[in-house]
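Here's the structure we're looking at; comments come further down.
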Amino acid sequence: IRMLQKRIIYRPQEGNYRVLIFENADQMNQSSANAFLKTLEEPPEYVILILTTTKVNSLLPTIISRCQKVHFNSVSIQDVEKLLVEQYHHRDDEAKIYARICNGNVENAIRMAEEEQVKIREQSLEILNYVYNNDLRAFYEFNEKFSKNSQTKRLADIFDHLILWLGDLIHLEYNPKQIINIDKLNELQIFRNKMDFNEGKIQKVIDFLELAKRRLEGHINKELLLINAFYKIYNLYYSQE
């Protein structure tokens, strides 16, 4: 914020405006938000401030009231596929999967195509395999190592992928054309066949995972949270209810 306040003093050398973009503005802490508010209230006439966020309600109401909201729709999956192939040189089959997983979010699709994100997707599939094989020991070994060596964002990504896998189990039952993980149809069918399918129970687990992602924004035991998520999925297969 201090850097911003220094930069906006100077007029642009080219063009009529100086445009400053703040990505993920909801991540500003209280102190930064209050300091930014002073700039937002009376910006120079040649300055345009753009704040981006997917969590507008996390911004201070006083900031929201001083901004004009502009909603952006997701890019079509086909356009994301084209971008990944033409500009990032991915194979057609890779681009198709990454674009579907990220549902039109270009930034996430580009990030998904990175080696680390591919690994995270595979780790989420490992968790489902631990459930399928009733291998609690292997899961606890995985969780201990993962929780100690991973950042919060990585666990949030794991939850995102688990949500997609579970959603695909529902799509497999009712509308296979909507399946996201189209390269893993065999695995999905195996998971589905062992399960006493109950859409309502699956949706409750998805809701739990969404809640778990929000809890990661606070101070929470990541290892315990992943254990809880694991048993929510585990109970879809082995619960006696």
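Please treat every number below as a calculation from the coordinates, not as lab data. Keep in mind that what you see is a predicted model, and the values were worked out from it rather than measured. Methodologically, a virtual Cβ is constructed for each residue, glycine included, from the backbone with ideal geometry; neighbour enumeration extends over all protein chains shown.
Figures for the structure shown
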quantity	calculated
Correct option for Cα extents along the principal axes in Å [calculated from the coordinates] among [x] 67, 47, 37; [y] 54, 41, 30; [z] 65, 41, 32	[z]
Farthest positive-ward along region 2-64 dipole, Cα basis, beta-carbon charges - from Y17, L37, M3	M3
Cα centre as origin, Lys/Arg/Asp/Glu Cβ charges: the chain dipole, Debye	800
Cross-link reach list, lysines versus K55, counting only Cα pairs under 17 Å and skipping chain neighbours closer than eight places	K69, K153, K213
Cα shape, region 87-158, gyration tensor, a/c 1.5 rule	prolate
Highest-MSF residue in the chain out of E144, E23, E187 [GNM, Cα springs under 10 Å]	E23
Phi-based couplings in Hz for region 8-21 (Karplus 6.51, -1.76, 1.60; Gly and Pro marked x)	6, 5, 8, 5, x, 7, 10, x, 9, 9, 9, 9, 10, 10
3J(HN,Hα) from dihedral phi, region 209-223, Karplus parametrisation 6.51/-1.76/1.60, rounded to Hz, x for glycine, proline	5, 5, 5, 4, 4, 5, 5, 5, 6, x, 8, 8, 6, 5, 4
The chain, helix-only ellipticity at 222 nm - DSSP H runs n ≥ 4, -39,500 (n - 2.57), divided by all residues, nearest 500	-19500 deg cm²/dmol
Prolate/oblate/rounded label for region 74-113 (Cα gyration tensor, a/c 1.5)	rounded
Cα-only radius of gyration and Dmax that characterise region 150-196, units Å	12.0, 36
Global form of region 21-104, assessed from the alpha-carbon gyration tensor, a/c cut-off 1.5	prolate
Phi to ³J(HN,Hα) by Karplus 6.51 cos²θ - 1.76 cosθ + 1.60 over region 80-87, Hz, x for Gly, Pro	5, 4, 4, 4, 5, 6, 7, 9
